[in-house]
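See structure below.
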Amino acid sequence: MGELAASPERNVVTIVVIDTVGSTEHIALLDPDDAQALLDRIFDHIRETIERAGGLLVSFAGDGGVAVFGWPGSQEDHADRACEAAWEVQHTSGKEETLLGPDGSPIKFRIGIHSGLVGLRRLALESGRILDMVGGTVHLAAALEKRAPHGEILLSSHTHELCRAEMQLIDHDGFPALDKIGATVHRLTARPHRLTASDM
């Protein structure tokens, strides 16, 4: 049955939830091997982008996943890293390998980002070790992803408050769960700009 880890480690982290827009339509008419190849390219793109920014892809289910920034290693700039990674995941056009769907159009994502306290622990199961994350922060990031328009990135004001980078944001409709913790919702409209010493 597996072995439970010790009590969860409590940390303030940034959670990024990603979902591929129209994945069913992308693969509906494809041969199973071609569909798997496309899903593999999507997975590689998300995982490599998250890891390059210093995050950890915790789970992935076919066409989307959940990543954490700020754990297991402490990162003072975890919110900045998460926002930059989200932008890189979303904007593949003009890169060496643009991520394209079967019709030749760029693959787009819905992304939600929220920062807060999370309980994290590694569980040893018969199927292998997994990371278990507990707390409202994960659910709120997922709720932001579900409310994100196609091809857009939504982040909470809790994440924005932790960012040191210059951000171009547009206010977006909130929802009751975020209202309860005094957070608002923003749409990220440009690549975050890290401040240099001369900027400061």
Restricting attention to segment 12-29, and to residues there that are of a type outside the set (Ser, Thr, Tyr) and in contact with a helix residue (DSSP H, G or I) (Cβ under 7 Å, 6 or more places away or on another chain), which single residue is most open to solvent (accessible area, probe 1.4 Å)? Ile27
Among residues of segment 75-121, those that are without any contact (Cβ under 8 Å) to a residue 40 or more places away in the chain and of a type in the set (Gly, Ala, Ser), counted: 4
The number of residues in segment 56-103 that are closer than 16 Å to Leu162 by Cα, open to solvent by less than 50 Å² (accessible area, probe 1.4 Å) and part of a loop (DSSP other than H, G, I, E, B) is 4
If you take the residues of segment 153-173 that are modelled with pLDDT of 95 or more and of a type in the set (Gly, Ala, Ser), which of them is surrounded by the fewest Cβ atoms within 10 Å (Cβ to Cβ)? Ser157
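The values are calculated or read from the model by the stated rules, or taken from the named source; none is laboratory data. Since the model is a prediction, treat every value here as computed from it, not as a measurement. Here Cβ is always computed from backbone atoms with ideal geometry, including for glycine, and neighbour counts include all displayed protein chains. Calculation scope for accessible area: heavy atoms of the full protein, side chains included, ligands and nucleic acids excluded. Shrake-Rupley method; radii C 1.70, N 1.55, O 1.52, S 1.80 Å.
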